[in-house]
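Worksheet: the structure to be examined is printed underneath.
Any read-out appearing in this document is the output of simple, stated calculations on the displayed coordinates, not a laboratory observation. Please read all numbers here as calculations on a predicted model, not as lab measurements. All Cβ positions, even for glycine, are placed from backbone atoms using ideal geometry, and neighbour counts span all protein chains on display.
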Amino acid sequence: MTSLQNQGAVATETFDLASYLTERAALVEAALDRSIPLVYPEKIYESMRYSLLAGGKRLRPVLCLATCELVGGTIEMAMPTACALEMIHTMSLIHDDLPAMDNDDYRRGKLTNHKVYGEDIAILAGDGLLAYAFEYIARETKGVPAERVLQVIAHLGRAVGAAGLVGGQVVDLESEGKSDVSIETLNFIHRHKTGALLEACVVSGAVLGGAGEEERQRLSRYAQNIGLAFQIVDDILDITATPEELGKTAGKDLQAQKVTYPSLWGIEESRRQAAQLIADAKAELQGYGTAAQPLQAIADFITARKN
Ligand code: GRG
C-alpha cells in the first residue's frame with residue numbers, strides 16, 4: 001500500500017489522522033479483497049484484482065465512509081459504495097495508462113495493467129470494473145432506503161460519464177501539445193477529470209447517511225474545493241517528487257507538453273492557490289464540531305501529501 005497512512009501525522013495536531021487512515025484503509029482493503037471473486041474466466045478477474053488490490057491511498061472510499069458517518073450514517077451503509085468508488089477510480093487509471101492515452105508503464109509502484117495482461121485484457125478489465133461497480137452498489141447496499149441508493153447510482157453515473165471524468169479526459173487529450181490552454185480550460189479538465197469523482201465520493205456518503213439537500217450542497221462544495229486542490233498538488237508533485245515516491249513515472253506532464261497549474265502560475269503560486277482551496281473547503285465544515293475532524297484532516301492531508 002502506498003503511504004497515505006504514513007503521511008497522516010502531518011495533517012493535524014488534535015486528530016490522529018495516521019491511525020484513522022490506517023484503520024479505515026484496512027477495512028476498505030479487506031472489503032475490496034472480498035468484492036471480486038476469482039472465478040472462470042479467471043484471466044479477466046485476475047486482471048481486475050491485480051489493479052484493484054495494487055495499493056493506492058484509498059482516499060476516495062475513505063472520504064465516502066467519513067462523510068456518511070459525519071451526517072449520522074454508518075460504515076456498513078456506505079462500504080459497498082466506497083468499494084465501487086475505488087473500482088471506478090481504478091478502472092479510470094487502467095484506461096488512462098493505456099498506450100492510446102497516457103501510455104504509462106508503472107502505476108502504484110507496479111507494472112501497469114496492459115503491461116502485464118496486454119491491451120485487450122486491460123481495456124476489458126476497466127470495462128468489467130466499471131460495470132461491476134454499479135452492480136455492486138445496487139446488490140450489496142443494505143439498510144439504506146432504495147431511494148437513496150438510486151440517487152447515489154444516478155449521481156455516480158453522471159460523475160463518470162461525458163458530463164464528468166470522460167468529458168474531462170477528452171478535453172485533456174485535445175489540449176495536449178497546445179501552449180495556449182487557458183486557466184478556464186485547465187479548470188474544466190480537472191474539475192471533471194479529478195474533481196467529479198472526489199465530489200461523488202463525498203456526496204454519495206452524504207446521501208447514504210441521510211443528509212438533507214442544503215447539507216449535501218455544503219459537502220459538495222467542500223469536495224469540489226479539495227478536488228481542485230488535489231489536482232494542483234498532483235501537478236506540483238509531477239515536478240518535485242521522485243518516481244519512487246510517486247509509484248509511477250515522474251515528469252510526465254512536461255514530457256507530454258501538458259499545460260499544468262505550475263506551468264501557468266509557477267510552483268509557489270500553485271501552492272498558495274491549493275492552500276486557499278483547502279481553507280475554503282474546511283470553511284464548509286463549520287458547525288459540525290469535532291465530528292468534522294476526519295474531513296478537516298483529510299483536506300489538510302491533500303496539500304501535505306508526498307504522493
Ligand atoms: C470513467 C468511463 C471512464 C473512463 C475513464 C481515462 C479516463 C476515462 C479518465 C482519466 C481519469 C484520471 C486518470 C484522472 C486522474 C485522477 C488522479 C489525480 C489520480 C491519482 O489519484 P490518487 O493519487 O491515486 O488518489 P492512488 O493510486 O493513490 O489511488
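Structure notes:
- Share of pairwise Cα separations in segment 68-210, more than 27 Å, in percent: 29 percent
- Y106 long-range amide H proximity, modeled H, under 5 Å: T112, T249
- Total lysine pairs whose alpha carbons fall under 14 Å of each other in the chain (8 or more apart, or interchain): 6
- Evaluated at q = 0.18 Å⁻¹, the base-10 log of the normalised Debye intensity for segment 89-151, with identical point scatterers placed on the Cα atoms, takes the values -0.65.
- Legend: translational diffusion of segment 49-106 by Stokes-Einstein, Rh = Kirkwood radius over C-alpha pairs, 25 °C, 0.890 mPa s; D = 197 µm²/s.
- Alpha-carbon Rg with Dmax, taken over segment 234-307, Å: 14.8, 45
- Placing +1 on each Lys and Arg Cβ and -1 on each Asp and Glu Cβ, with no other charges, gives segment 33-78 a dipole about its Cα centre of roughly 180 debye.
- Hull volume in cubic angstrom per residue (convex hull over the Cα atoms of the chain): 116 Å³
- Residues in segment 61-74 carry Karplus couplings, in order, of x, 5, 4, 5, 5, 5, 6, 4, 5, 4, 8, x, x, 10 Hz; the curve used is 6.51 cos²θ - 1.76 cosθ + 1.60 with θ = phi - 60°, and Gly or Pro positions show x.
- Debye equation applied to the C-alpha atoms of segment 164-300, log10 I(q)/I(0) at 0.16, 0.18 Å⁻¹: -0.87, -1.04
- Ratio of Rg to Rh over segment 228-275 (Cα coordinates, Kirkwood Rh, two decimals): 0.95
- Estimated [θ] at 222 nm from DSSP helical runs (n ≥ 4, -39500 (n - 2.57)) normalised by residues in the chain, nearest 500: -22000 deg cm²/dmol
- Comparing N187, N113, N103 in a Gaussian network model of the chain (Cα springs below 10 Å), the most mobile by mean-square fluctuation is N103.
- In segment 139-234, one over the average inverse separation of all distinct C-alpha pairs is 14.2 Å, which is the Kirkwood hydrodynamic radius.
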